Amino acid sequence: MIHDRIVRSRRDLFLLFTACGIAGLGLGSWPATVLAQAAGGSPLKIGMIGAGREGGALGTLFVKAGHPVMFSSRHPEDLKGLVEGLGPLAHAGTVAEAVEFADVVMIVVPYTAMEQIGKEYGNALAKKALVIDVSNPIARRDGDDIVKWVEQQGGAGLATAKLLPGARIVRAFNAISYAKLAGEIGFEPVVVGGLAMGKYLVPGTPLGGEHTAAEIRQLVASLR
């Protein structure tokens, strides 16, 4: 049976992310390529859909950690300076090229673009080990209508799952500023609930921002 879960990642502080389409999120349920990397196997190829401040910061950190990364945009030629400064593990391409390149795809775009991404690349994304959704619906940028629609779906986690059917979706890195990412990337999961809890994984909500493991458990208990 396929279950939806939310887990919390930790290094010194914690990042919250949600996952759907993975059975239980126990070690035995992660896709093989993800487990191999976590156990010290070959680096994962990561495709970045979106290379703005957040996408650029995340991709840079993954390159520095030894992963091949393809940054993508509608104008990949504009990414030349970024990839040249990062060395041979960094590449630039179109969105289609990044999706084809990747074991894991990260989506870091305004939320209004999510529906079109699903239409154009949904089938390919459903075949990936993980699709990491870093996009938040923000009224001042995306408009009140999209924010209201996301709320009607039960939050961004469930909304993204609807727009990308079949994909193994993880919501990650979306509850903390891109400027703090360098000290925050790490993976020590703590299960805290179902995918519907994704509505609390945006800035300004109880599980957004930085917390210790004990604080997370207290917050989750108060939300159930």
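The values are calculated or read from the model by the stated rules, or taken from the named source; none is laboratory data. This structure is a prediction, so every number in the text was calculated from the model and none was measured. Here Cβ is always computed from backbone atoms with ideal geometry, including for glycine, and neighbour counts include all displayed protein chains. Side chains are part of the model used for accessible areas, which takes the heavy atoms of the whole protein and leaves out ligands, DNA and RNA. Shrake-Rupley method; radii C 1.70, N 1.55, O 1.52, S 1.80 Å.
Odds and ends about this structure:
- If you go through region 24-53 and keep only what is in a helix (DSSP H, G or I) and either open to solvent by 40 Å² or more (accessible area, probe 1.4 Å) or at pLDDT 90 or above (or both), you end up with Leu27, Gly28, Ala32, Thr33, Leu35, Ala36, Gln37, Ala38, Arg53.
Residue-by-condition table, conditions (1) over 30 Å from Gly204 (Cβ atoms); (2) modelled with pLDDT of 95 or more:
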| position | (1), (2) |
| --- | --- |
| Val69 | no, yes |
| Pro76 | yes, no |
| Ala96 | yes, yes |
| Gln116 | no, yes |
| Ala124 | yes, yes |
| Val131 | no, no |
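- Only a single item in (1) open to solvent by less than 30 Å² (accessible area, probe 1.4 Å); (2) within 19 Å of the chain's Cα centre (by Cα) is not met by Gly143, and it is number (2).
- Every condition in (1) touching a residue at least 12 places away in the same chain (Cβ under 8 Å); (2) within 19 Å of the chain's Cα centre (by Cα); (3) outside any loop (DSSP other than H, G, I, E, B) holds for Ser135 except the one numbered (3).
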